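Contents: one structure, followed by commentary.
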Amino acid sequence: MSTSTVPSPTFGYLYPSTSLSGITNASSRWEVLKAFLASSDGALVSRLRELPTGLLFITSIPGQSHSGAIYFYSSVRRAYFMLDWAGRDDDFEAEEFDVLVEAFSLDLALAPGACPATRLRSRRHGRDRQHHPRRTGAMRLTLPLAGRAQQQAT
């Protein structure tokens, strides 16, 4: 996969972790991940990176190549986000996860305070702090990640 022509990723707000069965504000990130997988029609985690701000991982359906979706669970916001590269969000292979994490410095982009998902309070008043009704993922609020990789590509 060549990342030189791939735009910087965005992440779409999916839902709060407390909308998952059995999850409360006191649940650990691992309990939240287990509940997420239980609600996902048989998807398994293919790759995972534990970050200070949450979990970055790719899920895929066993036996179906190009079925991977990349998610970020923000332990700061206690919510799930799905990463998207210009409309490409759920057809990745597990090996692409490692390439994308490195190429776009996602470990740094998701560092404490680096993006709206990792800040307790937004610096942009009201724009990314909107209150959203609990949904099953039908609507996503899409926000850009830090553009470090895009700057490196030019």
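The values are calculated or read from the model by the stated rules, or taken from the named source; none is laboratory data. Owing to the predicted nature of the structure, the values given are computational and were not obtained by experimental measurement. Positions of Cβ are generated from backbone atoms using ideal geometry, with glycine treated the same way; all protein chains shown enter the neighbour counts. We work out accessible area using only protein heavy atoms, side chains counted, and drop any ligands, DNA or RNA first. Shrake-Rupley method; radii C 1.70, N 1.55, O 1.52, S 1.80 Å.
Scan segment 13-29 and report the pairs whose first residue is over 10 Å from SER75 (Cα atoms) and whose second residue is open to solvent by 70 Å² or more (accessible area, probe 1.4 Å) and assigned to a strand (DSSP E or B), with Cβ atoms within less than 9 Å and a gap of 6+ or a chain change. Partner pairs satisfying both residue conditions: TYR13/THR142. Restricting segment 79-94 to residues that are assigned to a loop (DSSP other than H, G, I, E, B) and either open to solvent by 50 Å² or more (accessible area, probe 1.4 Å) or without any contact (Cβ under 8 Å) to a residue 60 or more places away in the chain (or both) leaves a set whose member that is farthest from ALA38 (Cα to Cα) is ALA86. Every listed requirement among (1) modelled with pLDDT under 90; (2) assigned to a loop (DSSP other than H, G, I, E, B); (3) closer than 25 Å to ALA111 by Cβ is met by SER27 save one, (1).
Being aliphatic (A, V, I, L, M), in a helix (DSSP H, G or I), open to solvent by less than 20 Å² (accessible area, probe 1.4 Å) and within 29 Å of GLN64 (Cα to Cα) is the filter here, so list the residues in segment 95-121 that pass it. Even if it seems obvious, please write down each step before you answer.
Within segment 95-121, the first condition is being aliphatic (A, V, I, L, M), and the residues that meet it are 99-101, 103, 106, 108-111, 114, 117, 120.
Restricting the remaining residues to those that are in a helix (DSSP H, G or I) gives 99-101, 103, 106, 108-109, 117.
Still in the running and open to solvent by less than 20 Å² (accessible area, probe 1.4 Å): 100-101, 106, 109, 117.
Correct list: LEU100, VAL101, LEU106.
Might you check whether a residue that is surrounded by fewer than 20 Cβ atoms within 10 Å (Cβ to Cβ), among the small types (Gly, Ala, Ser) and within 24 Å of GLU102 (Cβ to Cβ) occurs anywhere in segment 7-18? The answer is yes, given that some residue of segment 7-18 is surrounded by fewer than 20 Cβ atoms within 10 Å (Cβ to Cβ), among the small types (Gly, Ala, Ser) and within 24 Å of GLU102 (Cβ to Cβ).
Each residue in segment 53-74 was checked for being surrounded by fewer than 19 Cβ atoms within 10 Å (Cβ to Cβ) and not hydrophobic (A, V, I, L, M, F, W, C), and 6 pass.
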